[in-house]
Amino acid sequence: RAPSRIGGKQTAGTAWYYLACTEIVHPIAANNVTDMFPAQPWSVAGLSSTCRRLFGVSPRPEWLPTAFGMAHPRELAAQTSRIIFSNGMLDPWSSQSVTRNLSETLVAINIPDGSHHSDLGAPPNPFAGASDSASLVDARETELALLKSWVATAQQERLSASTAAFNPATELHALTPQVARIKGPLQSSAPLSSPSNPSTSPRMMPKASTHALEADTKQPQPQQPPPPPLLRLSRHRPSPPPSAPQLSVDWSGLRTVYAVCCGVAGILLLAFGQMIWRASLFVAAFAVVGAVSFYGIYQGLVESGQAPLWVAAVLGALCGLGAAVLSAALTLLGLLGI
């Protein structure tokens, strides 16, 4: 935070000096030779040192002219408009301002005997007074006239833009089908009575003409085709597509394969006898216990998302292997009687 000695009141002075250390850099110095002020040299290096000491920031001398287009004032007219550059020529800062017109809407107003923002007023005289010079009065009148003109022009441009966005012909064309569906087509090309056409009013027509008009208006209107039925959502699911034709199975061939397998099994039993029977028991124990275990683990863990499928497969295989080992141990001990 800057010390309280920085210009004016503490808050306003500190805020302004911070701007002078960051964005609004004014290279103003005094030499006490061509001016009445005490000698005070100025340099970017000296300003940077002071700003780092007070605020911990460094000034950016090129930012303001570049960001607001003041680095090349002649190109400013292509970027913006409706700006008044008001300059009190007794204000030293007028040397860094725009002092000539850049376009019809980028206007420079120079007040020869004006001071720092004297056209806007300054304490203790924030308003126009009797002591104001003629050039100051003229500058205020010019500024007020320009502002009024620009505001009126902007309002007219906004009104024209909103009017152009609304096209009555387009809107009428969009509404015509809806009106036709509601009222139906016109039944007669004869003009109806209206205040602007009194000759067609029943009060101004003979009695026979009135009856003819009533008969004409009472003619039956042609029936309009019924509107298309509304789409209704059905709660019934659509019928599934026809299934693919069933493949025919050659049962005679399967019976032959089954008979061959049974014959081979019988031959093996006769040849190896009790050994194959025991092996079959071990395989059956592994298959049955493993399958049951896998199914239980799948239902409890895999479907609930607590374990992947491979975990159920491994655990089921381990359970089946344990059952086969247990049956083998019981057989060796003679507890199964095989």
**Study point:** Whole-Hz ³J(HN,Hα) from phi, Karplus 6.51 cos²θ - 1.76 cosθ + 1.60, for the range 107-114, glycine and proline x
**Key:** 10, 9, 10, 9, 10, x, 9, x
Review point. Label-point separation (nm) for residue 40 and residue 52, each offset 7 Å from Cα along Cα-to-Cβ?
Key: 2.2 nm
Review point. What whole-number value in Å² describes the accessible area per residue of the range 16-55 for a 1.4 Å probe?
Key: 68 Å²
Study note, to complete from the structure: A 1.4 Å probe over the protein heavy atoms gives the range 31-81 a carbon and sulfur accessible-area percentage of 57 percent
Practice item. Within the set of other residues whose C-beta is less than 14 Å from the C-beta of residue 141, count the net charge using Lys and Arg as +1 and Asp and Glu as -1. Key: -2
**Study point:** Cleavage-rule hits, trypsin sites (Lys or Arg not before Pro), the range 67-154, DSSP coil, Cβ neighbours within 10 Å at most 16
**Key:** 82, 100
Review point. Between residue 150 and residue 332, what is the label-to-label distance in nm when each label sits 7 Å out along the Cα-to-Cβ direction?
Key: 10.5 nm
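The values are calculated or read from the model by the stated rules, or taken from the named source; none is laboratory data. Since the structure is predicted, the reported quantities are computational estimates derived from the model, not experimental observations. As a convention, Cβ positions derive from the backbone with ideal geometry for all residues, glycine included, and neighbour counts pool all protein chains shown. Just the protein is used for accessible areas: all its heavy atoms, side chains included, with ligands, DNA and RNA removed. Shrake-Rupley method; radii C 1.70, N 1.55, O 1.52, S 1.80 Å.
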